[in-house]
Ligand SMILES: [Zn+2]
């Protein structure tokens, strides 16, 4: 891996504004994603990846042909950055050989990356860190992943002695607004397994996500002027209040962590005549979602009894499923990723994500996709930073992973 070349590309990518925009009809949601995609295609072509192309949705794909007969592996990163903090006019600051201590950001005196609030900083003394100037996010999520993939590709092309099967480089759009997998045709990608370079820090292999459903609860009451409301008005707001109050408090996100699931009422709208309440259902244990749904329907019937004349209707919509459910069908996906770290003398940490990833959607579509560390820290914030050494380390993991897939060992832990 060429450290300087990786850094140069990273700095180039973060200066193109690819902030995803919510609530728009267009795909991708911002023109910068197309611009960055065009740049990546140019760079892939000049590297010698002759089939590199940007499709009508802005998705970029290119293939490094295999030099041995082995399964096709996909590496994936996303072009867009989070809409939570602006990614326009990013001025990256490179700190070589970080000396320790807090990091004040030059563009905004209020913004300081502190050791108190960022435990991993103390492990990064001596490393090269990249921050924004504190007025924008950095965009390491996921331009770190992109830069890792590009350097990984360069390294493979320059070292034909590294044995690997076909390697598909896949860059997607609008991951941050849940649409990263929307236009990805898994049949066209035609691979055995994919890895997203979109995780935090180093040496993590995310192999589980939540399973997720959405409940839309509709309360229908009867409105009438309050002056003449006696025995006539049925207030949907009271029914909704009672419903939320009857939800199990111990199952709220503010009271749960680690492997615990939750029921989270997150938005409510309406008036006396009707109220719509939305609740997200989350669990690592997929069948538990049906139990949560039953609980909500039971509460609905109790509320209907308590507020006579009010109807409460619970509708469940499927969202996404635990990555781990799909990974069990291809145990090599996670086992080889963990083994790659061990072969490099590192200690891999299998991770779980209290949310979803593009990988959960790829996996559901039939392409098993664990997530790998890529040196990201404090994502979606002006206090975001990335670690170059961890990016290099992630690229090394990718190369080791390809070697293992080319070998196809069956004596790896987890198989
Ligand atoms: Zn990301």
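The values are calculated or read from the model by the stated rules, or taken from the named source; none is laboratory data. It should be emphasised that the depicted structure is a prediction, and the values quoted were computed from it without experimental measurement. Note that we place each Cβ from the backbone using ideal geometry, even for glycine, and neighbour counts take in every protein chain shown.
Looking at the structure I just gave you, is residue 333 surrounded by 17 or more Cβ atoms within 10 Å (Cβ to Cβ) and in the same structural domain as residue 364 (by TED's automatic domain parsing)?
On the way: surrounded by 17 or more Cβ atoms within 10 Å (Cβ to Cβ): yes; in the same structural domain as residue 364 (by TED's automatic domain parsing): yes.
It is true that residue 333 is surrounded by 17 or more Cβ atoms within 10 Å (Cβ to Cβ) and in the same structural domain as residue 364 (by TED's automatic domain parsing).
Looking only at region 87-104, filter to residues that are touching a strand residue (DSSP E or B) at 6+ places or on another chain (Cβ under 6 Å) and assigned to a loop (DSSP other than H, G, I, E, B); which one of those is nearest to the ligand (Cβ to nearest atom)? Before you say what the answer is, go through the steps one by one.
Going residue by residue through region 87-104, those that are touching a strand residue (DSSP E or B) at 6+ places or on another chain (Cβ under 6 Å) are 87, 92-95, 98, 102-104.
So of that shortlist, the ones also assigned to a loop (DSSP other than H, G, I, E, B) come out as 87, 92, 98, 102.
Working: 87: 12, 92: 17, 98: 23, 102: 26 Å.
Within region 87-104, the match that is nearest to the ligand (Cβ to nearest atom) is 87.
Out of the residues in region 182-191 meeting the condition of being outside any helix (DSSP H, G or I) and touching a strand residue (DSSP E or B) at 6+ places or on another chain (Cβ under 7 Å), tell me which one is farthest from the ligand (Cβ to nearest atom). Even if it seems obvious, please write down each step before you answer.
Our first condition is that a residue be outside any helix (DSSP H, G or I); within region 182-191, this holds for 182-185, 190-191.
From the residues that got through so far, the ones that are touching a strand residue (DSSP E or B) at 6+ places or on another chain (Cβ under 7 Å) too are 184, 191.
Numbers: 184: 15, 191: 20 Å.
Once the filter is applied, the top-ranked residue is 191.
For region 284-297, state whether one or more residues are without any contact (Cβ under 8 Å) to a residue 60 or more places away in the chain, within 30 Å of residue 396 (Cα to Cα) and surrounded by fewer than 15 Cβ atoms within 10 Å (Cβ to Cβ).
Scanning region 284-297 turns up no residue that is without any contact (Cβ under 8 Å) to a residue 60 or more places away in the chain, within 30 Å of residue 396 (Cα to Cα) and surrounded by fewer than 15 Cβ atoms within 10 Å (Cβ to Cβ).
Could you identify the single residue in 208, 250, 176 that is under 28 Å from the mean Cα position of the chain (by Cα), in a helix (DSSP H, G or I) and in contact (Cβ under 8 Å) with a residue 40 or more places away in the chain?
Details: 208 fails: in a helix (DSSP H, G or I); 250 fails: in contact (Cβ under 8 Å) with a residue 40 or more places away in the chain.
Checking each option against the conditions leaves just 176.
Can you find, within region 350-359, the residue that is farthest from the ligand (Cβ to nearest atom) among those that are touching a strand residue (DSSP E or B) at 6+ places or on another chain (Cβ under 6 Å) and farther than 13 Å from residue 76 by Cβ?
Result: 350.
Can you tell me which of 155, 135 is assigned to a loop (DSSP other than H, G, I, E, B) and over 11 Å from residue 385 (Cα atoms)?
Values: 155 fails: assigned to a loop (DSSP other than H, G, I, E, B).
None of the other options fit; the residue is 135.
For every residue, the table says whether it meets (1) surrounded by 18 or more Cβ atoms within 10 Å (Cβ to Cβ); (2) under 14 Å from the mean Cα position of the chain (by Cα).
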| site | (1), (2) |
| --- | --- |
| 344 | no, no |
| 350 | no, no |
| 355 | no, yes |
| 367 | yes, no |
| 370 | yes, yes |
| 377 | yes, yes |
| 385 | yes, no |
| 409 | no, no |
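Among the listed residues 323, 327, which satisfies the condition of being buried (at least 24 other Cβ atoms within 10 Å of the Cβ), over 18 Å from residue 145 (Cα atoms) and in contact with a strand residue (DSSP E or B) (Cβ under 9 Å, 6 or more places away or on another chain)?
Numbers: 327 fails: buried (at least 24 other Cβ atoms within 10 Å of the Cβ).
Only one candidate passes the filter, namely 323.
Examine region 143-152 for a residue that is touching a residue at least 12 places away in the same chain (Cβ under 8 Å), assigned by TED's automatic domain parsing to the domain that holds residue 17 and assigned to a loop (DSSP other than H, G, I, E, B), and state whether such a residue exists. So that I can check it myself, show each step before the final result.
Let us first name the residues in region 143-152 that are touching a residue at least 12 places away in the same chain (Cβ under 8 Å), namely 143-152.
If we keep only those that are assigned by TED's automatic domain parsing to the domain that holds residue 17 as well, we get 143-152.
Okay, now just the ones that are also assigned to a loop (DSSP other than H, G, I, E, B), so none.
The answer is no; no qualifying residue exists.
Restricting attention to region 1-52, which residues are in contact with a strand residue (DSSP E or B) (Cβ under 6 Å, 6 or more places away or on another chain) and farther than 21 Å from residue 382 by Cβ?
Listed by number, the residues that qualify are 37, 40, 41, 44, 49, 51, 52.
Assess whether residue 347 counts as being without any contact (Cβ under 8 Å) to a residue 60 or more places away in the chain and outside any strand (DSSP E or B). Step through it out loud before you land on a result.
Details: without any contact (Cβ under 8 Å) to a residue 60 or more places away in the chain: no; outside any strand (DSSP E or B): yes.
No: the conditions fail for residue 347.
Any chance you could count how many residues in region 253-273 are in a strand (DSSP E or B) and surrounded by 15 or more Cβ atoms within 10 Å (Cβ to Cβ)? Write out each step before concluding.
Restricting attention to region 253-273, the residues satisfying the condition of being in a strand (DSSP E or B) are 262-270.
Among the residues that remain, those that are also surrounded by 15 or more Cβ atoms within 10 Å (Cβ to Cβ) are: 262-265, 268, 270.
Residues meeting the conditions: 6.
Run residue 163 past the list (1) buried (at least 22 other Cβ atoms within 10 Å of the Cβ); (2) touching a helix residue (DSSP H, G or I) at 6+ places or on another chain (Cβ under 6 Å); (3) outside the structural domain of residue 313 (by TED's automatic domain parsing) and report the number of the one that doesn't hold.
Every condition holds for residue 163 apart from (1).
Could you grab me the full set of residues in region 166-181 that are surrounded by fewer than 21 Cβ atoms within 10 Å (Cβ to Cβ) and either within 11 Å of the ligand (Cβ to nearest atom) or farther than 16 Å from residue 362 by Cβ (or both)?
The answer is 166, 177.
For region 118-132, which positions are touching a residue at least 60 places away in the same chain (Cβ under 8 Å) and either part of a strand (DSSP E or B) or over 30 Å from residue 76 (Cβ atoms) (or both)?
Matches in region 118-132: 129, 130, 131.
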